[in-house]
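**Student:** Sharing a structure below in structure tokens format, with a few things to ask.
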Amino acid sequence: MNIMNRSRYQSLIKRINLGECILIDGATGTECERRGVPQVINTWNSGAALSHPDVVRTIHEEYIDCGAEIIITNTFSSSRHCLRSAGIEHQFEDLTTAAVQLARAARDNKGRPDVLIAGGITHWIWTEEKPSLAELEQNSRDQAVLMAREGCDLIMLEMLSHTDRLLACIDGAAASGLPVWAGVSVEPKNGVMCLLGGEPLVDALYAIKDRDIPIINIMHTEVGYIDECLDILQSHWNGVIGVYAHVCQFSDDETKAIFDNTISPENYAIASKRWLDRGVKVIGGCCGVRKEHICELQN
């Protein structure tokens, strides 16, 4: 982590510790889809960093215009294991590098050197060819180290849905030397708030209590589930809490976003205000959240 990156990050953390709220961006992948970027099978929209770089950069720039102080790279589905399932693992370095460079270019174009670049990493995969835990840790390490080299300020782990895979991603990403934030995705199962894989959220929080994780984000989670998730975090987590919910639905095979009847920017802002009043310090949006939602949050 170079001096400039460290200074940016430390300045932001100081502001959070003083009680300020930080605005992050909205969706990148679903925005690429909404703007007509064709998908690469089994990798969703990660290919856009190479096939449609202007679209990706423009999305980042729009979020910066709306006041976002952290933008997340378009790398959700560009892990080695995800790309391997699509037969394009050889593009791993090119896709990851291009995605980080596009985020940095957006920051430069907008003259906002204070904006932080978060390298997005997940264990999620669209096929049954899941990597072993050892391979997942190595893949997360490879991607995080590459992101650090290209100038990311922190690593944003996303859609963590199984405790053992959550830990593997954390341990791998930590090798980059960058701060690591953990984003869990949650839904109720038999009346209990659980990771998407079925394990209680409480158990996941207990599993990471000894890891160096300054912030947990509830992300890619339905708006209606957030308050109960906050109840759990505020009872079992002493660190900073962030929220970036999703507002669209998906096709049965989870490969296409459905944008009909998404929550309006105004109503998302009302929900976000409630979360902020409860002590959330980092706020933004996930799938289906557009620049209009983020601009409304800024207002």
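**Student:** Could you give the size of the charge dipole of the chain about its Cα centre, using +1 on the Cβ of each K and R and -1 on the Cβ of each D and E, expressed in debye and rounded to the nearest 20? Present the calculation step by step, with values, prior to reporting the outcome.
**Tutor:** Numbers: 27 positive and 41 negative charges, 166 e Å.
Roughly 800 debye, rounded to the nearest 20.
**Student:** Further, regarding this structure: Note down the nm distance, to one decimal, between modelled labels 7 Å out along Cα→Cβ at ARG6 and at ASP54.
**Tutor:** A separation of 4.0 nm, rounded to one decimal place.
**Student:** Per residue, how large is the accessible surface of the chain? Use a 1.4 angstrom probe and give square angstrom. Write out the running numbers ahead of the final one.
**Tutor:** Values: 11940 Å² over 299 residues.
That works out to 40 Å² per residue.
**Student:** Just how much of PHE259 is accessible, in Å², when a 1.4 Å probe is used and the result is rounded to the nearest 10?
**Tutor:** 60
**Student:** Suppose we keep just the DSSP beta bridges with both residues in the chain; what percent of those would be antiparallel, to 5?
**Tutor:** Working: 8 of 35 bridges.
Within the chain, antiparallel bridges account for around 25 percent of the total.
**Student:** Additional query: Within the stretch 217-251, which residues have the backbone N less than 19 Å from the label spot 7 Å out from ILE270 along Cα→beta-carbon, could you tell me?
**Tutor:** 222-228, 245-248
**Student:** So for the pair ASP260, ALA175, with labels modelled 7 Å out along Cα→Cβ, what separation do we get in nm?
**Tutor:** 4.6
**Student:** Okay, next question. Run the simple label-point estimate for ARG35 and ASP203 please: 7 Å along Cα→C-beta, distance reported in nm.
**Tutor:** It works out to 4.1 nm between the two label points.
**Student:** Rounded to the nearest 0.05, what FRET efficiency do ASN109 and TYR225 have when you use their Cβ-Cβ distance and R0 = 45 Å? Working shown, then result.
**Tutor:** Values: r = 36 Å, r/R0 = 0.81.
My answer for the efficiency is 0.80.
**Student:** With no solvent and one equal point scatterer per Cα, compute the Debye intensity ratio I(q)/I(0) for the stretch 1-77 at 0.13, 0.15, 0.25 Å⁻¹ and report its log10, rounded to two decimals.
**Tutor:** Ignoring solvent entirely, the Cα scatterers give -0.49, -0.62, -1.09.
**Student:** Also: What is the projected area of the convex hull of the Cα atoms of the stretch 1-132, averaged over all directions, in nm²? List each step's numbers first, then the result.
**Tutor:** Values: hull surface 35.6 nm².
If I average the Cα hull's projected area over directions, I get 8.9 nm².
**Student:** Pick from GLU128, GLU31, GLU61 the residue whose mean-square fluctuation is largest in a GNM of the chain, springs joining Cα atoms under 10 Å.
**Tutor:** GLU128
**Student:** If you build the Cα gyration tensor of the chain and take the root of 5 times each eigenvalue, what three semi-axes come out, in whole angstrom, biggest first?
**Tutor:** Values: eigenvalues 113, 99, 86 Å².
In descending order the semi-axes read 24, 22, 21 Å.
**Student:** Tell me the carbon and sulfur percent of the accessible area for the stretch 206-299, rounded to whole percent, probe radius 1.4 Å.
**Tutor:** On the way: 2000 of 4510 Å².
Answer for the stretch 206-299: carbon and sulfur cover 44 percent of the accessible area.
**Student:** Restricted to Cα positions, what overall size does the stretch 68-220 have along the principal axes? Three whole-Å values, descending.
**Tutor:** 48, 35, 24
**Student:** For the stretch 102-173, how big is Rg over Rh, using alpha carbon atoms and the Kirkwood form of Rh?
**Tutor:** Working: Rg = 13.9 Å, Rh = 13.1 Å.
That ratio is 1.06, to two decimals.
**Student:** Could you point to the residue in ILE232, GLY29, GLY279 farthest towards the positive end of the chain's charge dipole, with +1 and -1 charges on the Cβ of Lys/Arg and Asp/Glu respectively?
**Tutor:** Final value for the positive-end residue is GLY279.
**Student:** Taking N as the number of residues in the stretch 165-263, what value does Rg over Cα atoms divided by 2.2 N^0.38 Å take? Provide the component values of the computation, followed by the final result.
**Tutor:** On the way: Rg = 14.4 Å, N = 99, 2.2 N^0.38 = 12.6 Å.
Rg over 2.2 N^0.38 Å, computed on Cα atoms: 1.14.
**Student:** Further question on the same structure: Roughly how big is the stretch 235-280's charge dipole about its Cα centre, with Cβ charges of +1 (Lys, Arg) and -1 (Asp, Glu), in debye to the nearest 20?
**Tutor:** Roughly 340 debye, rounded to the nearest 20.
**Student:** Distance between the C-alpha centers of the stretch 96-138 and the stretch 177-200? Whole Å please.
**Tutor:** If we compute the Cα centre of each part, the gap is 20 Å.
**Student:** Additional query: Would you mind telling me the share, in percent, of accessible area of the stretch 1-120 contributed by carbon and sulfur at probe 1.4 angstrom? Walk me through the numbers before you get to the answer.
**Tutor:** Values: 2220 of 4610 Å².
Roughly 48 percent of what the probe reaches on the stretch 1-120 is carbon or sulfur.
The values are calculated or read from the model by the stated rules, or taken from the named source; none is laboratory data. Since we're looking at a predicted model, the values are computed, not measured. Heads up, the Cβs are rebuilt from the backbone with ideal geometry, glycines too, and the neighbour counts pull from every protein chain shown. When the accessible area is computed, the model is the full protein with side chains, heavy atoms only, and any ligands, DNA or RNA have been set aside. Shrake-Rupley method; radii C 1.70, N 1.55, O 1.52, S 1.80 Å.
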